[in-house]
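A.B. asks: Below you will find the structure I want to go over with you.
The values are calculated or read from the model by the stated rules, or taken from the named source; none is laboratory data. Predicted model only: the values in this text are computed from it and were never measured. Every residue, glycine among them, receives a Cβ derived from its backbone with ideal geometry; neighbour counts consider all protein chains shown.
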Amino acid sequence: MKKSSAEAMALPWWKLAFKNWYKPPWLEMFVVCGLAIVVYIGWLLLSMALETPPGETRSPFYISSWVSGLFFISLGVGFLGTLCGIGGGVLWSPIAMAFTPMDSVIIRASGLIVAMFNGLVASGPLARTGMLNLKLVFFALLAYGLGAFSGAQGAIYVAKVFGKQGEGVIRVILSLIMLFLVFYFIKGGKKIEYPEVKKVDKFTRFFNIPMPYYEESLGKVLHYQLRLGWLLWIAVFIIGTIGGFFGMGAGWAIGPSMNVILGAPLKVAAAASMTMLGMGDCIGVWPYFIAGAMIPIVVAPLLAGQVVGGILGAYVLVGMRAVFVRFLLIGTLLFTSFGLFTKGAELLGWFKLPIQVRLGWLLVCAALVFWLIAREKKR
Amino acid sequence: MEERPKPPLYNIVAGDILYWLCIIAAIICMIGPCISILFPENNVANPYKIFDLVWKGEKAEKIWVETTKEGKYPGPHFWIKNITKGDGITQLGIWLGCSCALPAAFISGLIFLFKREWIYWLISLWVSFMIFFAMLGIIEME
């Protein structure tokens, strides 16, 4: 045990992976990544040789291109979402709503898939390290499940009742949420690595949530206390409703709430938040499923992309400078927010912007990201 | 150096169930669409028409009407009767992934029960029922 942990410290993760390819978790990582390459690259090339079936207007290559394309988009979103610790839903749904003509209910259904799977796949390794506190997950899940389910039902109701106007309003509101997130990420959030809880209230004590774990960076067992459990329930319910309604998950807010309101250590909050979102969205996703919004051939590559992206992202995260990822995220959200607003305005009949303006805004966002990175490097 | 506390059994069991079901779901979801494209007749919904309708911005209801022989959505559990079909297999993968929290919550709940942690047993039972009822479509606001 001591030898293997010393070895793990000395070798980079990819060398360790190749050396122990036949052992879990590397074995399944190689199987999933290998199969993804065979299916989404190998199959795509192979489909070029297949003939169009009689009576069909589209070729197998056309269909395979979309399947592979969705996989790679999801892979990128899942990878970036894991690096930023926010899940992929917050990126996928707004981007798809802003830049594709897809129906918003289908986008939100697939958005929940994108939001939940990279968190779910991370649960296994996190549970074994002891950083994941299942009691904390269940405690928060009580409120989140109700919120996510109500939000998803509300989304389907709004789409049915308000039609095109509703689609426009949803996009405009979502663009404002994105803008709020941009400011939140610029400010950096008020996160504390190891919050000190001086007074534990009776309500929170009743649930007996804390679970000591071994903190690698400190080299000691960390005992922590929690507070204001009732306030966390209210916050999580509201966040869950928004996440379920817009199909964007809630990774951007649950972790920080657990950290700031409840006083959970940052890593414990992040681990619990990822697992809770995944489990909670298992409730929120079913109204979409039952409404028929889960089109198998569209959703399947997104699911696979999240699992592969989540696994890869978790390993790359170790050696990554988080601040650069944050800047990239700020640029993406800013661009998406603008796209969502203009698309919403177009649907509501307010105005229609030419493509040149959108491209110009893309350049502005890219320039902002480069400027932020350059400024950080100077520091 | 302090000794590492051993993670509780309910943690490991829940984490492993979620992890492995996700991996299996992802593998099924990779294979399913290939079968759909290779054998277009062997599908519930025609995969060669779906993307055109999706990119036209059509609603899910209309997509199912135009691509299935029955002309309607066959329901979220349609893979049970169509397990040999391409999209039946794909749907099984998605279904498995979207329901993975049910066995994780239920089995870890049983461990809470044996450990006499009543409150968490009740919560895990509640979560399991929420997922189960959501799957059946029993919990509906409309």
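A.B. asks: Examine the range B:31-46 for a residue that is out of contact with any helix residue (DSSP H, G or I) (no Cβ under 9 Å at 6 or more places or on another chain), within 9 Å of another protein chain (Cβ to nearest Cβ) and surrounded by fewer than 19 Cβ atoms within 10 Å (Cβ to Cβ), and state whether such a residue exists. So that I can check it myself, show each step before the final result.
C.D. replies: Looking only at the range B:31-46, we keep the residues that are out of contact with any helix residue (DSSP H, G or I) (no Cβ under 9 Å at 6 or more places or on another chain), and these are B:41.
Next, only the ones that are within 9 Å of another protein chain (Cβ to nearest Cβ) stay: B:41.
Applying the additional criterion that residues be surrounded by fewer than 19 Cβ atoms within 10 Å (Cβ to Cβ) yields B:41.
The answer is yes, given that some residue of the range B:31-46 is out of contact with any helix residue (DSSP H, G or I) (no Cβ under 9 Å at 6 or more places or on another chain), within 9 Å of another protein chain (Cβ to nearest Cβ) and surrounded by fewer than 19 Cβ atoms within 10 Å (Cβ to Cβ).
A.B. asks: Quick check on my filter: what residues within the range A:322-378 are within 22 Å of A:Phe246 (Cα to Cα), in a helix (DSSP H, G or I) and among the small types (Gly, Ala, Ser)?
C.D. replies: Selection gives A:Gly331, A:Ser337, A:Gly339, A:Gly344, A:Ala345.
A.B. asks: Go through the range A:248-291 residue by residue and tally those that are more than 9 Å from chain B (Cβ to nearest Cβ), more than 9 Å from A:Ala148 (Cα to Cα) and either without any contact (Cβ under 8 Å) to a residue 12 or more places away in the chain or among the small types (Gly, Ala, Ser) (or both).
C.D. replies: 12
A.B. asks: Looking only at helices (runs of 4 or more DSSP H) that fall completely inside the range B:1-79, which ones have 3 or more residues that are under 16 Å from the mean Cα position of the chain (by Cα)? Don't jump to the end; show me each part of the working.
C.D. replies: Details: elements: B:9-38, B:47-56, B:60-67.
Here the list reads B:9-38.
A.B. asks: Give me a count of the residues in the range B:5-20 that are within 8 Å of another protein chain (Cβ to nearest Cβ), among the hydrophobic types (A, V, I, L, M, F, W, C) and crowded, with 22+ Cβ neighbours inside 10 Å.
C.D. replies: The number of residues fulfilling the criteria is 2.
A.B. asks: Among the listed residues A:Lys164, A:Lys135, A:Lys160, which satisfies the condition of being more than 9 Å from chain B (Cβ to nearest Cβ) and more than 19 Å from the chain's Cα centre (by Cα)?
C.D. replies: A:Lys164
A.B. asks: Answer with yes or no whether A:Gly145 is assigned to a helix (DSSP H, G or I), at pLDDT below 80 and under 21 Å from A:Ala264 (Cβ atoms). Give the steps one after another, and end with the answer.
C.D. replies: Values: assigned to a helix (DSSP H, G or I): yes; at pLDDT below 80: yes; under 21 Å from A:Ala264 (Cβ atoms): yes.
Yes, satisfied.
A.B. asks: Okay, next question. Scan the range A:285-327 residue by residue and report those that are modelled with pLDDT under 85 and under 15 Å from the mean Cα position of the chain (by Cα).
C.D. replies: Matches in the range A:285-327: A:Gly310, A:Ile311, A:Leu312, A:Gly313, A:Ala314, A:Leu317, A:Val325, A:Arg326.
A.B. asks: Out of all the residues in the range A:327-347, is one or more aliphatic (A, V, I, L, M), crowded, with 24+ Cβ neighbours inside 10 Å and under 21 Å from A:Ser74 (Cβ atoms)?
C.D. replies: Yes, the range A:327-347 contains at least one residue that is aliphatic (A, V, I, L, M), crowded, with 24+ Cβ neighbours inside 10 Å and under 21 Å from A:Ser74 (Cβ atoms).
A.B. asks: Also: Considering each residue of the range A:22-76, count those that are closer than 13 Å to B:Ala26 by Cβ and not small (Gly, Ala, Ser), and give that number.
C.D. replies: Selection size over the range A:22-76: 10.
A.B. asks: Another question, then. Please verify whether B:Ala60 is closer than 21 Å to A:Ala304 by Cα, within 7 Å of chain A (Cβ to nearest Cβ), buried (at least 16 other Cβ atoms within 10 Å of the Cβ) and among the aliphatic types (A, V, I, L, M), treating the condition exactly as stated.
C.D. replies: When the stated conditions are applied, B:Ala60 does not pass them.
A.B. asks: Would you check which residues across the range A:107-132 are more than 8 Å from chain B (Cβ to nearest Cβ) and outside any helix (DSSP H, G or I) and list them?
C.D. replies: A:Met131, the sole residue that qualifies.
A.B. asks: Let me ask something else about it. Among the candidates A:Ser150, A:Ser175, single out the residue that is away from every other protein chain (no Cβ under 13 Å) and among the polar types (S, T, N, Q).
C.D. replies: Answer to the check: A:Ser175.
A.B. asks: Follow-up question, since we're still on this one. Just give me the residues in the range B:114-125 being surrounded by 16 or more Cβ atoms within 10 Å (Cβ to Cβ) and within 7 Å of another protein chain (Cβ to nearest Cβ), in sequence order. Walk me through it before giving the result.
C.D. replies: Looking only at the range B:114-125, we keep the residues that are surrounded by 16 or more Cβ atoms within 10 Å (Cβ to Cβ), and these are B:117, B:120-121, B:123-125.
Matches in the range B:114-125: B:Tyr120, B:Ile123, B:Ser124.
A.B. asks: Still on this structure, I have one more. Which ranges mark the helices (runs of 4 or more DSSP H) fully within the range A:42-100 that have 3 or more residues being under 29 Å from A:Met279 (Cα atoms) and more than 9 Å from chain B (Cβ to nearest Cβ)?
C.D. replies: A:60-84, A:89-99
A.B. asks: Inspect the range A:153-161 for any residue being among the charged types (D, E, K, R) and more than 19 Å from A:Met131 (Cβ to Cβ) and give the result as yes or no.
C.D. replies: yes
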